[in-house]
Amino acid sequence: MGAFMKIFIAAVLGLWMSAAVVAGESGLLRTYQPLDGVESGEIRIEPVTCYSGNLHSDWDLALEYISVKNVPPTRSEKPSGDLNLASTSHLTFDTESQEDKPLKLYMKADEFVVTKAYDREVIVKACLECVRRVLPPKLLKTPLTFSASPENKEWMSKIVDEFNRHDRSKVFYGEP
């Protein structure tokens, strides 16, 4: 085999192996979502299994997936809508990382709306309980920052302050 062929094969193998590393790994991850308890009238914090095409870090994807639509399959003749109150209320969660600075947890509530028959404070607390449940132990004391529209900023800041002071090893909203 000539030198050119050896270099060519080495290059192809190198590209193939690096593509697997860069592309990430697909699979299932677990998050929590605040679901509309249609029959009970109470918000249920439920574990939800989601599919991801790139599991680069499961906990931060689990954080983002708190806000993904949840339209479960059903045998009902009537289609069910999105049961996820984070999704219907337009609350999203993410992380912010900057070089030489600690990781930040972030809630975006700029377009927050109440779409179901629950108090706005209860919806936010239920969503924050989902955040608490997906955080790894090393981030349980990481403060949450947020953005919100002027009409929501004041009342939400009280809930976020309460969440940041709360012992996150214990339930923030709902039953243990």
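The values are calculated or read from the model by the stated rules, or taken from the named source; none is laboratory data. Being a predicted model, the structure only gives us computed values, none of them experimental. Here the Cβ positions follow ideal geometry from the backbone for every residue, glycine too, while neighbour counts run over all protein chains shown.
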For a quick check of your reading of the model, give me the residue pairs whose first member lies in segment 68-92 and is over 17 Å from SER40 (Cβ atoms), whose second is exposed (fewer than 15 other Cβ atoms within 10 Å of the Cβ) and among the basic types (Lys, Arg), with beta-carbon atoms closer than 8 Å and at least 6 apart or on different chains. ASP82/LYS69; SER87/LYS69
Quick check on segment 10-32. Is at least one of its residues modelled with pLDDT under 85 and under 20 Å from TYR118 (Cα atoms)? no
When segment 29-78 is checked residue by residue, the ones that are small (Gly, Ala, Ser), touching a strand residue (DSSP E or B) at 6+ places or on another chain (Cβ under 8 Å) and over 23 Å from ASP94 (Cβ atoms) are GLY37
Pick from segment 121-176 the residues that are among the hydroxyl-bearing types (Ser, Thr, Tyr) and under 20 Å from ALA109 (Cα atoms): which of them is surrounded by the most Cβ atoms within 10 Å (Cβ to Cβ)? TYR173
SER97 fails exactly one of (1) within 24 Å of SER149 (Cβ to Cβ); (2) exposed (fewer than 14 other Cβ atoms within 10 Å of the Cβ), namely (1)
Residue count, segment 33-66, condition modelled with pLDDT of 95 or more and part of a helix (DSSP H, G or I), comes to 1
